[in-house]
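Report on the following structure.
The values are calculated or read from the model by the stated rules, or taken from the named source; none is laboratory data. It should be emphasised that the depicted structure is a prediction, and the values quoted were computed from it without experimental measurement. No Cβ is skipped: glycine too gets one built from the backbone with ideal geometry, and neighbour counts run over all protein chains shown.
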Amino acid sequence: AQSVTQLGSHVSVSEGALVLLRCNYSSSVPPYLFWYVQYPNQGLQLLLKYTSAATLVKGINGFEAEFKKSETSFHLTKPSAHMSDAAEYFCAVSDRAQAGTALIFGKGTTLSVSS
Amino acid sequence: KAGVTQTPRYLIKTRGQQVTLSCSPISGHRSVSWYQQTPGQGLQFLFEYFSETQRNKGNFPGRFSGRQFSNSRSEMNVSTLELGDSALYLCASSLEAGNYGYTFGSGTRLTVV
């Protein structure tokens, strides 16, 4: 069965610092991978997705993620944190081989940004 | 274009009652999925509908049900509400089968008292 592990339930950075949110997946075949962001009292917004094109995926708001098959990882990074990046971030996986397969989400990482 | 619209935004129900939540997908999207979000269990898949057919169902009791109409709008129903059903219920829509550009709505916050 597929699963997603997000290392660190809470990450704190200073404004302008590098953001690194970790995600490891478990899947028998290379899956589709996603990062979503959730602001308080809102739904999920897609930051980026990996669907087997380039392994380095660029998303919105300056975020990017690199798919590393050998490490089964899909870590999210941003070179310089902004106060507005403070939110909860979710990594998700789905089975590319099966239409209608659900997104399996990690437990989420709360990002705090201090000035 | 309009995003995914979920109504109502907030709902308070009493144990034992039933509730119906509504989701209007982005125009042209034919796939609608539902997720439950709680602090303890996180985001969990409920079910997905495509062209009025349920394609996939998560591990939830039969009290949770859904349907999709010919205009792609979807409803989910929870009968005999329990305190543990208190959650944020999120709906997501996608263009078609196999397209994983899911767009989420803002959710319905259900509180069971």
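Hey, among the residues in region B:5-19 that are in contact with an Asp or Glu (Cβ under 9 Å, 6 or more places away or on another chain) and surrounded by 11 or more Cβ atoms within 10 Å (Cβ to Cβ), which one's farthest from B:Trp34 (Cα to Cα)?
Within region B:5-19, the first condition is being in contact with an Asp or Glu (Cβ under 9 Å, 6 or more places away or on another chain), and the residues that meet it are B:13, B:15-16, B:19.
Checking the rest, the ones that are also surrounded by 11 or more Cβ atoms within 10 Å (Cβ to Cβ) come to B:13, B:15, B:19.
Numbers: B:Lys13: 20, B:Arg15: 22, B:Val19: 15 Å.
Of everything passing the filter in region B:5-19, B:Arg15 is farthest from B:Trp34 (Cα to Cα).
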Q. Restricting the search to region A:23-75, which residues are within 22 Å of B:Ser94 (Cα to Cα), surrounded by fewer than 16 Cβ atoms within 10 Å (Cβ to Cβ) and charged (D, E, K, R)?
A. A:Lys58
(Q) So A:Tyr32 passes all but one of these: (1) within 14 Å of chain B (Cβ to nearest Cβ); (2) without any contact (Cβ under 8 Å) to a residue 60 or more places away in the chain. Which condition number does it fail? (A) (2)
Q. If you take the residues in region B:15-45 that are without any contact (Cβ under 8 Å) to a residue 40 or more places away in the chain and under 15 Å from B:Gly66 (Cβ atoms), which one is farthest from the other protein chains (Cβ to nearest Cβ)?
A. B:Gln44
Q: For B:Glu48, work out the one condition from (1) acidic (Asp, Glu); (2) within 13 Å of the chain's Cα centre (by Cα); (3) on the phi > 0 side of the Ramachandran plot it doesn't fulfil.
A: (3)
Q | For A:Gly43: the one exception among (1) away from every other protein chain (no Cβ under 14 Å); (2) modelled with pLDDT under 95; (3) over 18 Å from A:Ser3 (Cβ atoms) | A | (1)
Q: Just give me the residues in region B:52-102 being within 14 Å of chain A (Cβ to nearest Cβ), closer than 30 Å to A:Gly59 by Cα and not in a strand (DSSP E or B), in sequence order.
A: B:Gly58, B:Leu95, B:Glu96, B:Ala97, B:Gly98, B:Asn99, B:Tyr100, B:Gly101, B:Tyr102
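Scan B:Gly107, B:Gly84, B:Gly62 and give me the residue that is surrounded by 22 or more Cβ atoms within 10 Å (Cβ to Cβ) and either closer than 30 Å to B:Arg15 by Cα or in contact with a strand residue (DSSP E or B) (Cβ under 7 Å, 6 or more places away or on another chain) (or both). Give the derivation first.
On the way: B:Gly84 fails: surrounded by 22 or more Cβ atoms within 10 Å (Cβ to Cβ); B:Gly62 fails: surrounded by 22 or more Cβ atoms within 10 Å (Cβ to Cβ).
Testing whether each residue is surrounded by 22 or more Cβ atoms within 10 Å (Cβ to Cβ) and either closer than 30 Å to B:Arg15 by Cα or in contact with a strand residue (DSSP E or B) (Cβ under 7 Å, 6 or more places away or on another chain) (or both) leaves just B:Gly107.
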